[in-house]
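Below is one structure, written out as structure tokens; the observations come after it.
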Amino acid sequence: MTFTGSIKIGFNNYLTFKGRASRSEYWYWYLFVLLLSLCTQLFDVAAFPYSVWSPTNTVTSLVVLLPGWAVFVRRLHDVNRSGWWMLLVLTVIGIFVLLYWLTKKSDQGENSYGE
């Protein structure tokens, strides 16, 4: 999976919570969101130097929120976990469990969520 390919898939499947996402697809998407957030934050600081609120960064975050959740759920499906496991992010210890699953190698072959 390439960087641009994962961005295309992320936006094309922004409402697809079924199926699987490879490890590279998820982490390239995460890198894209991180870089986009950094750029919009820098733009907001330059364009609105005395503003407490970052309008561009807020809009950008809302645009990538749903596709980000979809990629996250599909990544959990890739390691044979339900998307509901993403709620572990609400606990402190659960963040480490999720990080392990997100970095874990994909299940080979078919699992409960497809090929």
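Taken as a whole, the condition of being closer than 18 Å to L65 by Cβ, under 11 Å from the mean Cα position of the chain (by Cα) and not in a loop (DSSP other than H, G, I, E, B) does not apply to Y14. When R81, R75 are checked against the criterion of being charged (D, E, K, R), surrounded by 12 or more Cβ atoms within 10 Å (Cβ to Cβ), without any contact (Cβ under 8 Å) to a residue 40 or more places away in the chain and within 14 Å of T103 (Cα to Cα), a single residue qualifies: R81. For segment 88-103, the set of residues classified as surrounded by fewer than 11 Cβ atoms within 10 Å (Cβ to Cβ) and within 17 Å of G68 (Cβ to Cβ) consists of L90 only.
One residue is enough: does segment 100-108 have a residue meeting the conditions assigned to a helix (DSSP H, G or I), free of Cβ contacts under 8 Å to residues at least 12 places away in the same chain and either more than 16 Å from the chain's Cα centre (by Cα) or closer than 20 Å to G5 by Cα (or both)? So far as segment 100-108 goes, no, none of its residues is assigned to a helix (DSSP H, G or I), free of Cβ contacts under 8 Å to residues at least 12 places away in the same chain and either more than 16 Å from the chain's Cα centre (by Cα) or closer than 20 Å to G5 by Cα (or both). Can you work out which of the residues in segment 17-53 that are aliphatic (A, V, I, L, M) and assigned to a loop (DSSP other than H, G, I, E, B) is nearest to R74 (Cα to Cα)? Top of the filtered list is A21. In the condition set (1) out of contact with any helix residue (DSSP H, G or I) (no Cβ under 7 Å at 6 or more places or on another chain); (2) in contact (Cβ under 8 Å) with a residue 60 or more places away in the chain, F96 is compliant with all but (2).
Every number here is computed from the coordinates shown, using simple stated rules; none is lab data. As the structure is a prediction and not an experimental result, all values here were calculated from the model. So basically every Cβ, Gly included, is an ideal-geometry build from the backbone, and we count neighbours across all protein chains shown.
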